[in-house]
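To keep things clear, I will list the structure first and then write my remarks on it.
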Amino acid sequence: MAHTTKLNTDLTGKTALVTGGTKGIGKAIADELAAAGARVIISARNAPSAESTHHFIAADLTNAQQASSLARQINDEFGGIDMLINNVGGLTTPGGGYSALTDKHWEDELQLNLIAAIRLDREFIPVMTARRNAVIIHISSIAARQALWNLNLAYAVSKSALNSYSKALATELASKGVRVLTVSPGATKTPPMEKFIADYAAAQNIPEESALAQLLQQTGGIPMGRMAEPEEVASLVHYLVSPAASYLTGSIYAIDGGALPVVS
Ligand SMILES: NC(=O)c1ccc[n+]([C@@H]2O[C@H](COP(=O)([O-])OP(=O)(O)OC[C@H]3O[C@@H](n4cnc5c(N)ncnc54)[C@H](OP(=O)(O)O)[C@@H]3O)[C@@H](O)[C@H]2O)c1
């Protein structure tokens, strides 16, 4: 391979699907990949704000039929994709430990944070292996490696499962031209994170700044002293899907301001 002094992160001629690309981290990823030259398709249950310029297709990815029809529509209209960013997910279940969680809570959390990605990968892998030089990204969370029983039990477990699945899939596809990588953000300034802090503050009857400080303390704090901006997560994803990252597969990348208190 010729030595180059400039990283090749150009995505011209590539097509990406960013699930949950209308808000938060997904929106930042969609904007970043488009700025790097990619044609970007976004999906979510609700349409994006009027200024979004990406091609939008509505789908609830916890519904198998809607996921299938999204994939069919993209394969028919766009001839497939080169980059699949499985970003849909979130903490939707209550805190309070094992006894606060019903079967329905567990099933919903697993659908949103694990099965949605698995079924979409299954839809697109045949066309991605045929195109080669393709990349699948799974947006996980540092919670996968640090479950907090009273805050995020079902969410953390579903993201841990996503990490294991992603690693195995990477091994299976390594010789077939598809790289598979996991990105694990820590606390990131998005609408659900802001709501989570506001709800916690209201429940404890304390100001939001104190709620944030308490929550961060429970996870050991953030050495960099702040949450991530969605654009910072998007920069990492951009690098990972680009030709500059051509030998990376099967790895998990924490982006957390130093928060995860372990050697990884
Ligand atoms: N924010 C954080 O601090 C943080 C930390 C670690 C990991 N993460 C992970 O990062 C990812 C993005 O989180 P975020 O905070 O950016 O979330 P967000 O701001 O709530 O955005 C979620 C996106 O997913 C879509 N969505 C939600 N449920 C869906 C469904 N059933 N089917 C299809 N689309 C759906 C939403 O649009 P609609 O509601 O219109 O469907 C929206 O576009 C998630 O996987 C999350 O677990 C976030």
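Key figures for this structure:
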quantity	calculated
Qualifying residues in the stretch 44-63 (those that are out of contact with any helix residue (DSSP H, G or I) (no Cβ under 6 Å at 6 or more places or on another chain) and small (Gly, Ala, Ser)) - the one most open to solvent (accessible area, probe 1.4 Å)	Ala50
Count of the stretch 185-220 residues which are open to solvent by 30 Å² or more (accessible area, probe 1.4 Å), of a type outside the set (A, V, I, L, M) and not in a helix (DSSP H, G or I)	5
From Pro223, Pro243, residue being in the same structural domain as Asp31 (by TED's automatic domain parsing), surrounded by fewer than 17 Cβ atoms within 10 Å (Cβ to Cβ), out of contact with any helix residue (DSSP H, G or I) (no Cβ under 7 Å at 6 or more places or on another chain) and touching a residue at least 24 places away in the same chain (Cβ under 8 Å)	Pro243
Any chance Ala47 is without any contact (Cβ under 8 Å) to a residue 40 or more places away in the chain, within 14 Å of the ligand (Cβ to nearest atom) and either over 20 Å from Ile125 (Cβ atoms) or part of a loop (DSSP other than H, G, I, E, B) (or both)	yes
Matching option when the condition is in contact (Cβ under 8 Å) with a residue 40 or more places away in the chain, open to solvent by 10 Å² or more (accessible area, probe 1.4 Å) and among the small types (Gly, Ala, Ser), among Gly26, Gly20, Gly13, Gly37	Gly20
Residue within the stretch 118-135 that is open to solvent by less than 40 Å² (accessible area, probe 1.4 Å), under 25 Å from Val262 (Cβ atoms) and either more than 17 Å from the chain's Cα centre (by Cα) or hydroxyl-bearing (Ser, Thr, Tyr) (or both) present	no
Those residues of the stretch 147-171 which are under 26 Å from Ala245 (Cβ atoms) and open to solvent by 10 Å² or more (accessible area, probe 1.4 Å), in sequence order	Ser160, Ala161, Asn163, Ser164, Tyr165, Lys167, Ala168, Leu169, Thr171
All positions within the stretch 14-29 that are more than 8 Å from the ligand (Cβ to nearest atom) and within 18 Å of Ala71 (Cβ to Cβ)	Lys14, Thr15, Ala16, Leu17, Val18
Filter pass, Thr182 being hydroxyl-bearing (Ser, Thr, Tyr), in contact with an Asp or Glu (Cβ under 7 Å, 6 or more places away or on another chain) and not in a helix (DSSP H, G or I)	no
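The values are calculated or read from the model by the stated rules, or taken from the named source; none is laboratory data. Please read these numbers as outputs of a predicted model, since none were measured by experiment. With ideal geometry, Cβ positions are generated from the backbone for all residues, glycine too; neighbour counts draw on all protein chains shown. Heavy atoms of the whole protein, side chains included, go into the accessibility calculation; ligands, DNA and RNA do not. Shrake-Rupley method; radii C 1.70, N 1.55, O 1.52, S 1.80 Å.
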